[in-house]
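See structure below.
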Amino acid sequence: MKPSLTQLGTDLLTTSGRQRRIALSRPFIGMVVFGVAAWMGWWWLTPVVMFGIFVAVVTVTHDVVHRAIGLGPRASEWALLALGLVLLESGHAYRVTHLQHHRLFPHEDDPEGYPANLTALGALAYGPVFLARLWWWAWRRSPGDRGWLAVEGAAPFVAVAAGLALLPATPAVLGYAVMAIVGSWVYPLLTVHLPHRHYGDDPLDQTRTLRGRVIPAIFLELTYHLEHHLYPQVPSHHLARLSRRLDPFLTRSGVVPRRVI
């Protein structure tokens, strides 16, 4: 049996005001940096900036969905909207489907976990329809969120239309929209298939954890996927600490973390 959070330390559940502000502001700072890079004509830099925006949004949205960084109910709703719009996605669809993923994986009624059953090439090919299918699943299953879902579902179409209208003045808006939309196509491969492939029946072998200093830092601790599945209420900024405290339990259970740089 896995240790309780009381045994591991309830300090793992804490989020300071500063940590919360940093997590919530990163995506919007990234948008500003993207705009500056485009204005300066440094187009070679924009994909790097967009990668950072993706990591920042996925990380903090994860924490908001699991109510892990101290936001109240109303603030959480607005945060899901704002953070999703940064990448022209639906934060509310993500909450509905991601919580289902944690409740049921592996299960046929887990739309987020479906790419785990595909090949790597299949997961990559599934990318263009992945978010649309999650949105539709949430629309059918969560009628109380339909107001939010309608606004969020329109976002990519509005962004592309605005980008085309502004193209004579600047390619930045359309470039941002295209990078955000196309970038999301790797979600099934990177966030589902690779972490969960060859999953077993036990929670300890349904996903994996990557340990190291550089890669986990670049991905803002998203590589600690096993730790997150075992303790989803722990915010991302404490996952590295959680992993160290879990090491004795994982060793006894025969779990060998994968080492990266």
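Within the option set 99, 104, 164, being in contact with a helix residue (DSSP H, G or I) (Cβ under 8 Å, 6 or more places away or on another chain) and closer than 23 Å to residue 194 by Cβ holds for one residue only, 99. Inside the range 53-69, residues that are surrounded by fewer than 17 Cβ atoms within 10 Å (Cβ to Cβ) and small (Gly, Ala, Ser) make up a count of 0.
Residue by residue through the range 21-61, note down the ones that are in a helix (DSSP H, G or I), more than 14 Å from residue 220 (Cβ to Cβ) and either in contact with an Asp or Glu (Cβ under 9 Å, 6 or more places away or on another chain) or without any contact (Cβ under 8 Å) to a residue 12 or more places away in the chain (or both).
Filtering the range 21-61 for residues in a helix (DSSP H, G or I) gives 21-40, 43-61.
Cutting the leftovers down to more than 14 Å from residue 220 (Cβ to Cβ) gives us 21, 28, 31-40, 43-50.
Those that are in a helix (DSSP H, G or I), more than 14 Å from residue 220 (Cβ to Cβ) and either in contact with an Asp or Glu (Cβ under 9 Å, 6 or more places away or on another chain) or without any contact (Cβ under 8 Å) to a residue 12 or more places away in the chain (or both): 21, 32, 36, 40, 44, 45, 48.
Within the range 31-48, restricting attention to residues that are small (Gly, Ala, Ser) and surrounded by fewer than 17 Cβ atoms within 10 Å (Cβ to Cβ), the residue that is nearest to residue 176 (Cα to Cα) is 35.
Under the condition of being in a loop (DSSP other than H, G, I, E, B) and touching a residue at least 60 places away in the same chain (Cβ under 8 Å), which residue from the range 1-13 is nearest to residue 205 (Cα to Cα)?
The first filter runs over the range 1-13 and keeps only residues in a loop (DSSP other than H, G, I, E, B), leaving 1-4, 9.
Still in the list and also touching a residue at least 60 places away in the same chain (Cβ under 8 Å): 2-3, 9.
On the way: 2: 13, 3: 17, 9: 24 Å.
This residue is 2.
Residue-level check: of (1) free of Cβ contacts under 8 Å to residues at least 40 places away in the same chain; (2) closer than 27 Å to residue 200 by Cα; (3) surrounded by 21 or more Cβ atoms within 10 Å (Cβ to Cβ), residue 96 misses just (1).
Conditions (1) at pLDDT 95 or above; (2) among the hydroxyl-bearing types (Ser, Thr, Tyr); (3) under 17 Å from the mean Cα position of the chain (by Cα); (4) in a helix (DSSP H, G or I), marked per residue:
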| site | (1), (2), (3), (4) |
| --- | --- |
| 99 | yes, no, yes, yes |
| 106 | no, no, no, no |
| 110 | yes, no, yes, no |
| 126 | yes, yes, no, yes |
| 138 | yes, no, yes, yes |
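Which one of these does residue 167 not meet: (1) under 30 Å from residue 244 (Cα atoms); (2) not in a helix (DSSP H, G or I)? The one condition residue 167 does not meet is (1). Scanning the range 204-238 for residues that are among the aromatic types (Phe, Trp, Tyr) and over 17 Å from residue 250 (Cα atoms) yields a single hit, 219.
The values are calculated or read from the model by the stated rules, or taken from the named source; none is laboratory data. Here the structure is a predicted model, which means the values were calculated and not measured. All Cβ positions, glycine included, derive from the backbone under ideal geometry; neighbour counts span all protein chains shown.
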